[in-house]
Amino acid sequence: MADDSQRNFRSVYYEKVGFRGVEEKKSLEILLKDDRLDIEKLCTFSQRFPLPSMYRILVWKVLLGIIPPHHKSHASVMNYRKEQYWDVHHALRVIRFINDSTPQEDVFLRIHQLESGKLPRNLAFPLEPEDEVFLAIAKAMEEMVEDPIECYWLVSSFVNQLNSKHKDALQQLPKILEQYLNIEDNRLLMHLKACAAMSKLPYDLWFKKCFAGCLPESSLQRVWDKIISGSCKILVFVALEILLTFKMKIIALTTAEKITQFLENIPQDNTDAIVSKAVDLWRTHCGTPAHSV
């Protein structure tokens with residue numbers, strides 16, 4: 001009993017001083033030592049805890065299928081991914097879709113388009129809405145991942161996951177947000193409806209771009225941990241917590257345009273706390289899921 005009390009005290013202390021994940025990190029290291037990584041256990045861990053920064057990219061690559069579960073295949077598969085990247089990169093240079101001055105996220109987009117058979121006939125074609133989503137996610141991922149080839153495959157695989165596994169669920173998120181806002185703060189919901197703002201909230205920024213361009217890197221990573229490991233519903237609770245956190249500011253605004261403009265450019269100094277509260281809300285309403293929620 002004394003040992004349990006000491007452990008609980010230690011966990012609370014670690015959390016208060018910013019070392020919440022000490023014991024969780026050890027648990028993840030045990031999982032990562034397996035010759036064949038257990039995808040389901042990695043999903044469960046990522047749903048329950050924030051991933052330690054030193055292992056985040058490895059876990060994301062495994063969960064997104066960029067590298068296989070078997071450790072011994074990681075190096076050879078990444079070499080293949082590297083060759084594939086440079087082959088397509090070279091082809092795009094030959095047909096003059098990219099050059100030395102092309103921004104990195106634009107290079108990623110063109111490679112993704114060519115890989116998926118959606119490269120436009122020429123550069124004059126305007127970007128599609130899905131291209132804007134890709135670019136936003138790519139720009140955010142660039143801040144997290146130093147290696148451009150790793151970064152490309154993470155962006156491309158993440159976007160493919162959103163467009164396949166989460167496609168139907170993402171379309172339901174605005175309606176689900178309204179349901180939970182009604183539970184958490186009916187007065188705020190009534191204000192948003194009175195201003196005709198509910199239909200004009202920045203849903204593309206929140207749910208299609210997964211808060212890329214809205215939240216800073218440290219906060220965004222923790223949200224993406226949950227999505228990549230199977231739960232796009234976390235997006236609802238981040239949006240919900242943003243609305244609750246800035247309730248007084250929102251109620252002081254009286255037009256949908258002003259509300260939307262504010263929510264598209266929220267203050268950046270409190271976002272880690274917002275994400276922590278959002279995760280708590282998510283667990284309160286949805287329990288502590290294993291994965292695929």
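When region 62-100 is filtered for residues that are open to solvent by less than 70 Å² (accessible area, probe 1.4 Å) and of a type in the set (V, I, T), the ones remaining, listed by number, are V62, I66, I67, V77, V88, I98. Of A136, A212, A140, all but one fail to be among the hydrophobic types (A, V, I, L, M, F, W, C), more than 28 Å from G287 (Cβ to Cβ) and under 11 Å from the mean Cα position of the chain (by Cα); the exception is A140. For region 227-262, the set of residues classified as in contact with an Asp or Glu (Cβ under 9 Å, 6 or more places away or on another chain) and either touching a residue at least 60 places away in the same chain (Cβ under 8 Å) or surrounded by fewer than 18 Cβ atoms within 10 Å (Cβ to Cβ) (or both) consists of L240, L243, L244, K247, listed by residue number. Return the total of residues in region 25-60 being open to solvent by 20 Å² or more (accessible area, probe 1.4 Å) and in contact (Cβ under 8 Å) with a residue 40 or more places away in the chain. Within region 25-60, residues that are open to solvent by 20 Å² or more (accessible area, probe 1.4 Å) and in contact (Cβ under 8 Å) with a residue 40 or more places away in the chain number 6. Quick check on I266: is it surrounded by 14 or more Cβ atoms within 10 Å (Cβ to Cβ) and under 20 Å from the mean Cα position of the chain (by Cα)? When the stated conditions are applied, I266 passes them. State yes or no: is F211 buried (at least 17 other Cβ atoms within 10 Å of the Cβ) and without any contact (Cβ under 8 Å) to a residue 24 or more places away in the chain? So F211 fails the test.
Hey, could you check region 40-79 for residues that are outside any loop (DSSP other than H, G, I, E, B) and under 14 Å from F158 (Cβ atoms) and say which is nearest to the chain's Cα centre (by Cα)?
Out of the qualifying residues, it is W60.
The values are calculated or read from the model by the stated rules, or taken from the named source; none is laboratory data. Quick caveat: nothing in here was measured; it's all calculated off a predicted structure. Note that each Cβ is placed from the backbone with ideal geometry, even for glycine, and that neighbours are counted across all protein chains shown. These accessible areas exclude ligands, DNA and RNA; they are computed on the full protein's heavy atoms, side chains included. Shrake-Rupley method; radii C 1.70, N 1.55, O 1.52, S 1.80 Å.
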